[in-house]
1. Does region 284-296 contain at least one residue that is of a type outside the set (V, I, T) and on the phi > 0 side of the Ramachandran plot?
2. Which residues, counting only those in region 12-26, are in contact (Cβ under 8 Å) with a residue 24 or more places away in the chain and not aromatic (F, W, Y)?
3. Residue check, F290 against (1) crowded, with 17+ Cβ neighbours inside 10 Å; (2) aromatic (F, W, Y); (3) without any contact (Cβ under 8 Å) to a residue 60 or more places away in the chain; (4) closer than 21 Å to H338 by Cα, all met but one. Which one?
4. Name the one entry in A146, A103 that is at pLDDT below 85 and of a type in the set (A, V, I, L, M).
5. Kindly indicate which of L135, L143 is in a loop (DSSP other than H, G, I, E, B), assigned by TED's automatic domain parsing to the domain that holds M201, surrounded by 17 or more Cβ atoms within 10 Å (Cβ to Cβ) and in contact (Cβ under 8 Å) with a residue 24 or more places away in the chain.
6. Please verify whether region 282-291 includes one or more residues that are more than 25 Å from the chain's Cα centre (by Cα) and farther than 15 Å from L330 by Cβ.
7. Condition check: buried (at least 19 other Cβ atoms within 10 Å of the Cβ) and either out of contact with any Lys or Arg (no Cβ under 7 Å at 6 or more places or on another chain) or within 14 Å of L143 (Cα to Cα) (or both). Does P205 satisfy that?
8. Looking for something aliphatic (A, V, I, L, M) and either without any contact (Cβ under 8 Å) to a residue 24 or more places away in the chain or outside any loop (DSSP other than H, G, I, E, B) (or both) - is there at least one such residue anywhere in region 111-118?
Amino acid sequence: MGRKRFLHVLLFLVTLATTTLAGAEWRYGRAFFYGPEGFTWIPDITWAEVLGGMAFSGAFLGFLTVHEFGHYLTARHYKVNVTLPYYIPVWLGVTFGIGTMGAFIRIKDRIFSRKEFFDIGIAGPLAGFAVALALLVYGFTHLPPADYLYQIHPEYRLLGSAYATYAYAGPEDLALGRNLLFWFFEEFIADPALVPNRYEMAHYPVLFAAFLSLFFTALNLLPIGQLDGGHILYGLLGYERFNRLSPLLFTAFIFYAGLGFLPLNVNWEDDWWKWAGYLLYLGIVFRPLFPDVKRSLYLTAGVVCAQLAVQVMWPQAQGYNGWLVFGLILSRALGIFHPPSPNEEPLSRGRKWLGWFSLVVFLLCFSPAPFIVD
């Protein structure tokens, strides 16, 4: 085994370990490095907890692997020089996490046509979506009885099915948002008596892995820049039309993400830092959209004024501020625009239909507020 291949295998094995630990933490509701009563070291983990964590890691890493190999095999089909997937293990230690930041492949050659960009871009999300859908079907048709949750939270036995009225349940009170697929399965497929409260979903490893798989699928399918969704939309529209539309979509994304971030009733003594930080943030993320600073400042002012106007007219309007972090990554690392390819020949009708189907997949998977911490 060559040194490069050894690195890929090593990263996968480390990620398998960190996601297994993370899965066990969520399933059993206790941190293995640091909990409310102090440190709990790795030797205290039981084999039952390891196996419980592997139900999550196997499901979620299965999704990540299929997604990345969708890209990899398609790139190899076009004889594009590409690496095997690099898995990114992450162990937070002091709080709950999912054990990874995902995986990626590196494309080392130039891609020469819209068709190749489209095929390589769409292969990963669609392959991963098939796995996510299978996890969703299995998770909602194999829900454990109520005693499963009572083993994790014995105090709920006294409350019975009404536990959600009186108690939050997940570690750090984390709730999973809903997307259209989760809503459909909860309403029409699963046994309603067994469907867990949104604060308890992380205790169900296959459902948790399914939700994260849908979340990462939607994230990759955002039709902006050089995300998978950006490659797909570029294939559909071509260089000029895509690069006119992508900044507009990015601006709308940031508008929604920051909605409600600034308080309407301003106490400047306490809130000046929030205003200053948010204006600086917008100036940073909008700067790559224009060749000069002045227009990015105009856009910053326009977005802030529009957000405040919406909040005045609809005081309950609230975006999801967690998207602001991803907006910064999009702007400064991944890019808002798409490079041209030598061959700008339009896609075939079949590929166009497949591209619009990927938009449907995005809408089914996307959660406006995916993770809620109360």
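The values are calculated or read from the model by the stated rules, or taken from the named source; none is laboratory data. Here the structure is a predicted model, which is why all the values come from computation and not from measurement. FYI the Cβ positions are ideal-geometry reconstructions off the backbone, even for glycines, and counts take in every protein chain you see.
1. no
2. V14, T15, L16, A17, T18, T19, T20, L21, A22, G23, A24, E25
3. (1)
4. A146
5. Numbers: L135 fails: in a loop (DSSP other than H, G, I, E, B).
After applying the criteria, what remains is L143.
6. yes
7. On the way: buried (at least 19 other Cβ atoms within 10 Å of the Cβ): yes; either out of contact with any Lys or Arg (no Cβ under 7 Å at 6 or more places or on another chain) or within 14 Å of L143 (Cα to Cα) (or both): yes.
Here the answer is yes, as P205 does meet what is asked.
8. no
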